[in-house]
Amino acid sequence: MTARSWATAADSGVSGGSWLMRKLSAGPEASVAPAVSLAYREEVVKMKALRTVGVWTILFVGTLTLVACSKASRGKDLELKSYPLDSLQGVIQVTGMQIDTQIKASGGGSLRIDVTEPSVIRLFETGPLEVDGATLVYRARLRTANAQGNVYLEMWCQFPGEGEFFSRGLQSPLRGSNDWTTQEIMFFMKKGEKPDNVKLNVVSEGPGVIWIDDIRLFRRSS
């Protein structure tokens, strides 16, 4: 009987115990089986430990790979425009808006918008931008209170002789009451596409209060 079969027999209950008693009564050579079994068990423990280390190593390397791929897919962001919203300067639509110096994500204040009905709130227009062959990214910090409809960012890109095209953050809208969260939408530009104007809005599909802060526009290259 091999060390593996001995260990199986010893763990199997009565039959294994009977075999062990027979070996112990057989003479001095009976001590060989427990020694072999002990060595076998120690080897199994070592193998399990090595296997555990291997699994954790694979998981760790896999995590690093995913992080690297995520960073690579994001590309490089070049900031084109920044609107800190410490004042109403440059804001296109000011009705129902005020600067809130108490509730803010950063800087000296944020833009508070009291919405009474479904609305598209026009915030800024950029004029011509050099972003052909790249991705235009509209990013902002948003907070809501009692929003009775979806709240999301909206961006319109105007191209000479082609008209306007939009991008909306419908994949992750806010609703109800939410603390500050970073929202981001993108518009992919083909080679040679250069917008002569970009409109930055926020949309509310129902009544509620919106705070928006730290608006930024980026050119993201691959």
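Nothing in this text is a laboratory measurement; each read-out follows from the coordinates by a stated rule. Bear in mind that the values here come from a model prediction, so they are computed numbers and not experimental data. Cβ placement follows ideal geometry from the backbone for every residue including glycine, while neighbour counts extend to all protein chains displayed.
Approximating the spin labels as points 7 Å out from Cα along Cα→Cβ, the V94-to-K191 distance works out to 4.5 nm. Taking GluC sites (Glu not before Pro) across the stretch 128-222, the ones in a DSSP loop with at most 13 further Cβ atoms lying within 10 angstrom of their Cβ are E130, E162. Compared with the alpha-carbon gap, the fully stretched path from N178 to T101 is longer by 25.9 nm at 0.36 nm per residue.
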